[in-house]
Amino acid sequence: MDSITVMDVARDALVTLIFTVGPILGIALGVGLAIAFVQSLTQIQEMTLTFVPKIIAIFAALLLLLPYMGRSIGDLMARIAERIASG
């Protein structure tokens with residue numbers, strides 16, 4: 001393997017990582033900001049108020065996005081296996 005191939009595989013892996021994890025992180029960020037906004041308006045500083053909605057939202061997002069995430073990672077593995085097989 002030359003350095004160009006290694007960099008191409010690394011770039012492909014990083015792009016797949018961003019597209020796979022990005023929606024989950026975006027949902028967590030959105031829910032966190034919404035909860036922080038509600039807390040600042042109501043001045044309720046309860047710690048469980050921040051964690052429970054985020055955990056529920058991330059769990060629901062994982063249930064919905066898991067097929068996409070698995071397909072994305074499976075496609076990456078197929079591309080890497082194809083590169084290994086072709087030499």
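Rule-based calculations on the coordinates, nothing more; no lab input. Just so it is clear, the model here is predicted, and its values are computed rather than measured. FYI the Cβ positions are ideal-geometry reconstructions off the backbone, even for glycines, and counts take in every protein chain you see.
Annotations for the structure displayed:
- Relative to the longest principal axis of the Cα atoms of the chain, the long axis of helix 47-86 makes an angle of roughly 10 degrees.
- Separation between Cα centres of segment 1-34 and segment 39-87, rounded to whole Å: 11 Å
- Using alpha-carbon coordinates, inclination of helix 3-42 to the longest axis of the chain, degrees: 10 degrees
- Prolate/oblate/rounded call for the chain, Cα gyration tensor, a/c under 1.5 rounded: prolate
- When VAL6, VAL38, VAL31 are arranged by Cβ crowding within 10 Å, least crowded first, meaning fewest neighbours, the order is VAL6, VAL38, VAL31.
- Mean separation of Cα contacts under 8 Å (6+ apart) over length of the chain, as relative contact order %: 44 percent
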